[in-house]
Amino acid sequence: QVQLTESGGGLVQPGGSLRLSCAASGSIWPIYAWGWGRQAPGRQRELVARITSGGSTNYADSVKGRFTISRDKVKNMVYLQMNSLKPEDTALYYCNGNSSWYAYWGQGTQVTVSS
């Protein structure tokens, strides 16, 4: 089993920054890609950032240039640095880990961008 625990969400003004953290524990060795997804009320969950075990990253167009995903393999942590936040970034943000047979998700951390 894999456990993913997110932290770092909160209320921030437009243009501000937040850094989300995800602590991974359990049998994480099969996971080949990590990511961050988000879900706003009334909308489907979308994957906004992804990093592979080799370090390759990709981003949704909506966050490209503003969000940066990174991973600390020693600490088993995954991070999402979010800059220039917009009200439309408001959502519940989830940490994600993918193995060949299963997609793991955390419980989420709320990010609210509002003045």
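The values are calculated or read from the model by the stated rules, or taken from the named source; none is laboratory data. Because the structure is predicted, anything quoted here is derived from the model rather than measured. Positions of Cβ are backbone-derived with ideal geometry, glycine not excepted, and every protein chain shown enters the neighbour counts. SASA here: full protein model, heavy atoms, side chains in, ligands and nucleic acids out. Shrake-Rupley method; radii C 1.70, N 1.55, O 1.52, S 1.80 Å.
Taking into account only those residues within segment 56-68 that are touching a residue at least 12 places away in the same chain (Cβ under 8 Å) and more than 14 Å from S17 (Cα to Cα), which is surrounded by the fewest Cβ atoms within 10 Å (Cβ to Cβ)?
My answer is S62.
Could you tell me whether R38 is open to solvent by 20 Å² or more (accessible area, probe 1.4 Å) and at pLDDT 95 or above? Working first, answer last.
Working: open to solvent by 20 Å² or more (accessible area, probe 1.4 Å): no; at pLDDT 95 or above: yes.
Answer is no for this residue.
Which residues, taken from segment 66-115, are of a type in the set (A, V, I, L, M, F, W, C), closer than 18 Å to G10 by Cβ and out of contact with any Cys (no Cβ under 9 Å at 6 or more places or on another chain)?
Selection gives F67, M82, L85, A91, L92, V111, V113.
If V74 passes every condition in (1) in contact with a strand residue (DSSP E or B) (Cβ under 6 Å, 6 or more places away or on another chain); (2) free of Cβ contacts under 8 Å to residues at least 24 places away in the same chain but one, which one does it miss?
(1)
For the list (1) assigned to a strand (DSSP E or B); (2) surrounded by 13 or more Cβ atoms within 10 Å (Cβ to Cβ), I need the number of the one condition that L11 fails.
Of everything listed in (1) assigned to a strand (DSSP E or B); (2) surrounded by 13 or more Cβ atoms within 10 Å (Cβ to Cβ), L11 misses just condition (2).
Within segment 51-74, count every residue that is among the basic types (K, R) and modelled with pLDDT under 95.
Quick first cut of segment 51-74, residues among the basic types (K, R) only: 64, 66, 71, 73.
Still in the running and modelled with pLDDT under 95: 73.
So the answer is 1.
Filter segment 93-115 down to residues that are of a type outside the set (S, T, Y) and not in a strand (DSSP E or B) and give me whichever is farthest from Y79 (Cα to Cα). Reasoning before the result, please.
Of the residues in segment 93-115, the ones of a type outside the set (S, T, Y) are 95-98, 101, 103, 105-108, 110-111, 113.
Then drop every residue that is not not in a strand (DSSP E or B), which leaves 101, 106-108.
Details: W101: 23, G106: 13, Q107: 15, G108: 13 Å.
The qualifying residue farthest from Y79 (Cα to Cα) is W101.
In segment 23-34, which residue that is outside any loop (DSSP other than H, G, I, E, B) and either without any contact (Cβ under 8 Å) to a residue 24 or more places away in the chain or in contact with a Ser or Thr (Cβ under 7 Å, 6 or more places away or on another chain) (or both) is nearest to Q81 (Cα to Cα)? Steps first, answer last, please.
Of all residues in segment 23-34, those outside any loop (DSSP other than H, G, I, E, B) come to 23-26, 33-34.
Then keep just the ones that are either without any contact (Cβ under 8 Å) to a residue 24 or more places away in the chain or in contact with a Ser or Thr (Cβ under 7 Å, 6 or more places away or on another chain) (or both); that gives 23, 33.
Working: A23: 15, A33: 18 Å.
Looking at the filtered set, the residue picked out is A23.
Does V48 count as modelled with pLDDT of 95 or more and assigned to a strand (DSSP E or B)? Outline the logic, then answer.
On the way: modelled with pLDDT of 95 or more: yes; assigned to a strand (DSSP E or B): yes.
Against the criterion (modelled with pLDDT of 95 or more and assigned to a strand (DSSP E or B)), V48 qualifies.
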